[in-house]
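Below: one structure, written as structure tokens.
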Amino acid sequence: MDHQLFAELYDAHAGTVYAHAVRMTADRTGAEDIVSLTFLEAWRLRDTFDGVTHHRAWLLGIATNVIRNTRRTARRHRDAMARLPPADAVPDLADAVVSRITDSARAAATLTALDRLRRTDREALLLHVWSGLSHEEVARACGVPVGTVRSRLSRARTRLRKLAAVHLTGPPTARDAPAPRTAREGNL
């Protein structure tokens, strides 16, 4: 069989083979694959074509065999997959990455804000929060009364919150900035 005769065979019977495959599989996309495989098999068997008198019946027979083979292969694949142990759930790392980025940004903002605190407030805060010393121990370490340590910690925490918030959200724009206070409002 030459290429021209096979092209004519395809043109004459591809629609019939497709309709047969759709009826057999109820899957239009799968039927397209069946048509491709059917004509591939027909090309492979082209040496037997000369003895064929009913081309349509020959092609539909090949298509039926292709459908059987496809179903058998799908069943074997499905059975093989069922024998495999269930796959462990793959954790979604997106949340962890976002959390790390957020934590890194907060840490950078905190360190930047710490550098802007007064030295005495920063020392009291670091000794109490990061070193875990009590108020009394910080007072002894700094050589100041306990009340002074409490004042410094309160001032440092308030300032730190404000500085970190500004650093995380960016500098306020003119629209976001509060209006300047007048002398009448208490800012002389």
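Please treat every number below as a calculation from the coordinates, not as lab data. Remember, it's a predicted structure, so these values are computed and weren't measured experimentally. FYI the Cβ positions are ideal-geometry reconstructions off the backbone, even for glycines, and counts take in every protein chain you see.
Shown here: Cα Rg over 2.2 N^0.38 Å, derived from the displayed model; of the candidates (1) 2.48; (2) 1.01; (3) 1.60, it corresponds to (1). Since only Phe39, Gly51, Pro85 are under comparison, the one whose Cα sits farthest along the positive direction of the charge dipole of the chain, derived from C-beta charges on Lys, Arg, Asp and Glu, is Pro85. Applying a DSSP loop filter and a limit of 14 other Cβ atoms within 10 Å to the trypsin sites (Lys or Arg not before Pro) in the stretch 84-152 leaves Arg118. Taking the Cα centre of the chain as origin and assigning +1 to Lys and Arg Cβ atoms and -1 to Asp and Glu Cβ atoms, the resulting dipole is close to 1620 debye.
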